[in-house]
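Heads up: the structure comes next, in structure tokens.
The values are calculated or read from the model by the stated rules, or taken from the named source; none is laboratory data. The model shown is predicted, which means the values in this text are computed figures rather than measured ones. Positions of Cβ are generated from backbone atoms using ideal geometry, with glycine treated the same way; all protein chains shown enter the neighbour counts. Accessible surface areas use protein heavy atoms only, side chains included; no ligands, DNA or RNA. Shrake-Rupley method; radii C 1.70, N 1.55, O 1.52, S 1.80 Å.
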Amino acid sequence: MTIKGKHTICTHSGEIKDTQFGGAVSPIFMTSSYPFMDVDIKRYPRYFNTPNQQAVGTKIAALEHAEAAIPFASGMAAVSTTLLAFLNQGDHIILQNEIYGGTFNLIQEEFHKMGIEYSFTDGLEAEDFEEKIKKNTKIIYLETPSNPLLSITDVKAVADVAKKYELLSIIDNTFASPINLTPIDLGVNIVIHSATKYLGGHSDISAGAVASTVENIDIIWNKAKNLGGNLSDFMCYLLERSIKTLGVRVDRHNTNAQFMATYLEQHSAIEKVYYPGLESHPNHNIAKEQMHGFGGMLSFELKDELDAIQFQNKLKLIKPSMSLAGVESTILMPSITSHALLSAAQRDEIGISDNLLRLSVGIEDVKDIITDIEQALTQG
Ligand code: PLP
């Protein structure tokens, strides 16, 4: 039987049959010692090929409509290993200007030491990527919806540019999750996740993943076994277990976030809401076309007369958090966290005001999230 539905893939793809006891879930094989004689596969945790690593890789590959996938110890292990697998001294990579801060730091702090050149786009249109292409360009790297302004990049248009110039396209699909965006269907070559976010979904796992063709995953695997960012079997088991509910969780995140975005947009205390599911979002139509759902992340700006720190401190249900995408609603102020190192003028230029808040909408009853926001907006 071919498995097609996203919830069925979440629940069943990759599961390891318990042939010993017939149990319903994948057993955990907590061993780092496997035989080498008379075996087809020489297994070792740092070869990314233990039973639990393969199980979760198979599940993620099925969700991403990819031929293969491997799990990593963190999203950044997945990002760094993938980029270093394809970039050599003298190569050039183009990245969109709105990317995750950790990826930005990796590029800025490490790449010059290895003689790898990079350019950031000036905008998110396909032409913005195309105009940065040089003779030595190898990779185009994108991320959508972006953090924290939820900007939308036209994935197919950018993947088409990469194809035209025979470049590799790589996307960080963390914010959307494979439930809301399947970039391989749009022509992207490689998909990366911080599985610490929606794939894990319960704020208790640090993990990453990469999905692509068998050929690309082999190239990444070759670098991965040298760099050693493998995920432990116990974490693989937990991640596989978490992904079983990814579809239902993300559907609920989508519904709650759409409701919250609509509610906040009409609120007199709110200056602006950033959410791709709103018709007011400048790229709502592209999001509608390429996404299966608009996601659980949104940002909003309080009106000037309100104090964002006071607002945040008054919240009772919504927790301040550096991370996102858990089942619980969390909030973050980019100006004092992810973008604290920029000057106020630099933040202003990219649209990150002191009153901007990024909300990771959880799966609670939406009326309780609203009640919490309403009471925190009452300042005196
Ligand atoms: N990509 C995105 C979009 C992220 O938000 C993060 C972490 O916040 C990462 C990558 C890095 O993931 P990790 O923290 O699991 O290394």
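Some notes on this structure:
- Thr58 within 19 Å of the chain's Cα centre (by Cα), open to solvent by 30 Å² or more (accessible area, probe 1.4 Å) and not aromatic (Phe, Trp, Tyr): yes
- The condition of being among the small types (Gly, Ala, Ser), over 14 Å from Pro178 (Cβ atoms) and more than 16 Å from the ligand (Cβ to nearest atom) holds for only one of Ala61, Ala55, Ala66, that being Ala55.
- Considering Phe234, Phe259, the condition of being in contact with a helix residue (DSSP H, G or I) (Cβ under 6 Å, 6 or more places away or on another chain) and either of a type in the set (Phe, Trp, Tyr) or more than 20 Å from Glu364 (Cα to Cα) (or both) is satisfied by Phe259 alone.
- Residues that are more than 17 Å from Ile192 (Cβ to Cβ), within 16 Å of the ligand (Cβ to nearest atom) and touching a Leu at 6+ places or on another chain (Cβ under 8 Å) within the stretch 90-119 comprise just one, Asn97.
- Considering the conditions (1) within 16 Å of the ligand (Cβ to nearest atom); (2) in a helix (DSSP H, G or I); (3) within 25 Å of Ile363 (Cβ to Cβ); (4) touching a strand residue (DSSP E or B) at 6+ places or on another chain (Cβ under 8 Å), Ser242 is excluded by exactly one of them, (4).
- Residues of the stretch 132-162 classified as more than 15 Å from the ligand (Cβ to nearest atom) and either assigned to a strand (DSSP E or B) or among the aromatic types (Phe, Trp, Tyr) (or both), total: 4
- When the stretch 246-293 is filtered for residues that are open to solvent by 20 Å² or more (accessible area, probe 1.4 Å), assigned to a helix (DSSP H, G or I) and touching a strand residue (DSSP E or B) at 6+ places or on another chain (Cβ under 7 Å), only Glu265 remains.
- Considering residues of the stretch 127-183 that are within 21 Å of Ala77 (Cβ to Cβ) and β-branched (Val, Ile, Thr) only, the residue nearest to the chain's Cα centre (by Cα): Thr174
- The residues in the stretch 164-181 that are farther than 18 Å from Met291 by Cβ and within 14 Å of the ligand (Cβ to nearest atom) can be counted, and the count is 1.
A quick yes/no check of all residues on (1) assigned by TED's automatic domain parsing to the domain that holds Ser151; (2) surrounded by fewer than 23 Cβ atoms within 10 Å (Cβ to Cβ); (3) touching a residue at least 12 places away in the same chain (Cβ under 8 Å):
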| position | (1), (2), (3) |
| --- | --- |
| Met76 | yes, yes, yes |
| Thr81 | yes, no, yes |
| Thr103 | yes, yes, yes |
| Lys113 | yes, yes, no |
| Asp122 | yes, yes, yes |
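- Set Glu166, Glu98: member being in contact (Cβ under 8 Å) with a residue 60 or more places away in the chain and assigned to a loop (DSSP other than H, G, I, E, B): Glu98
- Whichever residue in the stretch 191-212 is touching a Pro at 6+ places or on another chain (Cβ under 9 Å) and among the aliphatic types (A, V, I, L, M) and, among such residues, is farthest from the ligand (Cβ to nearest atom): Ala211
- Filtered residues of the stretch 294-303 (kept if in contact with a Ser or Thr (Cβ under 7 Å, 6 or more places away or on another chain) and either open to solvent by 10 Å² or more (accessible area, probe 1.4 Å) or outside any loop (DSSP other than H, G, I, E, B) (or both)): Met297, Glu301
- Scan the stretch 304-356 for residues that are part of a helix (DSSP H, G or I) and more than 20 Å from the chain's Cα centre (by Cα) and the total you get is 16.
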